[in-house]
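Contents: one structure, followed by commentary.
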Amino acid sequence: MTFLHHAPVRCLGVDVARDRLAVDDGITAATVANSRAAIRSLLRTSRPDLVVCEPTGGYELLLLEECLRAGIACHRADTLRLKAFIRSFGTLGKSDAIDAAQMAAYGRERWTKLPLWQAPDADETQMQALVRRRADLVAFKVAEQNRSRAPGARAMAASFRAMLATITRQIAALERAIAALVAQNAGLRHRVAICTGMNGIGTVSAVTILALMPELGHLQRRQAAALAGTAPHPNESGTARGRRRQRGGRPQVRTALFMPALRAAAGQGEFAAFYAPLIANGKPPILAIAATMRKIIITLNARLRDNQNHQS
């Protein structure tokens, strides 16, 4: 991740919609079309040092690409952090103009901690799309299976069979596309090999983790645990000491780590030796599984960092 090395003189907050952009630099506000020509004109006339926007279903990518082309630093803000920043001012109103002004303030105040957006690798982007679509279809398949077994579902049996067959074919097609993409990309193929070299991590889990957490291998151990959503956060107040809980991070990565951790709980894989002492020392099973998930992602991060494709 890269960051600004000096405070931005002019910070531009941009609230992105499908067809238009609400823009504010703390002094003036405007609305422009969400088109390449309009964005280029905006960047030429405003000449910002930093542009801040937030994820808007992909509609923000045109702005980010044009900032990168113009050599302007840009940050795609985490929505939860941005909303918490806005609420900290006691702001109750909600509009595109208000959000744009607050994004500009967010950039001016927090610039030292805002990682700058960089264009992702094309294959990584495609892999993320394939993995997310597969996860959606798997969830849909489970829902259809549950509905097909519900009382009174017999009358709709043919519809359920047809739908499940279609979903199964679509999942198989996505898995073939994922395998082909891994096979043609040497770097991705090597990273998958490192992950699957860990006893307990299968190809599906490895591809899911790498697609949804491409930073893996370039993080500190605590950063990796937090980004995967496996870091325990304290729950304390005064003399009360509550149970630490995992929260935040990327939930789909945490889901992908759950099955390898269950494998360790069953006494299989290289992390079984990590899981067993936790149980022997009185740790509840669910907490032992959570700790194993954290151990797995930290170990994967270290092996990818050190380019190790063997079991240790």
**OP:** With the condition kept exactly as written, say whether any residue in segment 132-148 is within 30 Å of D19 (Cα to Cα) and aliphatic (A, V, I, L, M).
**Re:** yes
**OP:** Any chance you could count how many residues in segment 266-309 are β-branched (V, I, T) and either free of Cβ contacts under 8 Å to residues at least 40 places away in the same chain or surrounded by fewer than 14 Cβ atoms within 10 Å (Cβ to Cβ) (or both)?
**Re:** 4
Subject >> From G58, G107, residue being under 15 Å from D25 (Cα atoms) and either surrounded by 15 or more Cβ atoms within 10 Å (Cβ to Cβ) or in the same structural domain as D24 (by TED's automatic domain parsing) (or both) >> reply: G107
Original post:
Between a first residue in segment 16-45 that is more than 16 Å from I72 (Cα to Cα) and a second residue that is assigned to a helix (DSSP H, G or I) and charged (D, E, K, R), which pairs have beta carbons less than 6 Å apart while being 6 or more apart in sequence or on different chains?
Top reply: A22/D96
**OP:** Check segment 63-76 and report whether any residue there is assigned to a loop (DSSP other than H, G, I, E, B) and free of Cβ contacts under 8 Å to residues at least 12 places away in the same chain.
**Re:** yes
Original post:
Does at least one position in segment 206-220 carry a residue that is surrounded by fewer than 17 Cβ atoms within 10 Å (Cβ to Cβ) and free of Cβ contacts under 8 Å to residues at least 12 places away in the same chain?
Top reply: yes
Subject >> Out of L212, L287, L262, L278, sole residue that is of a type in the set (A, V, I, L, M, F, W, C) and under 30 Å from L116 (Cβ atoms) >> reply: L212
**OP:** Evaluate the following for E66: is it over 21 Å from the mean Cα position of the chain (by Cα) and of a type in the set (D, E)?
**Re:** yes
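The values are calculated or read from the model by the stated rules, or taken from the named source; none is laboratory data. Values in this document were obtained by computation on a predicted structure and should not be read as measured data. Neighbour counts are summed over all protein chains in view; Cβ atoms, including those assigned to glycine, are modelled from backbone coordinates with ideal geometry.
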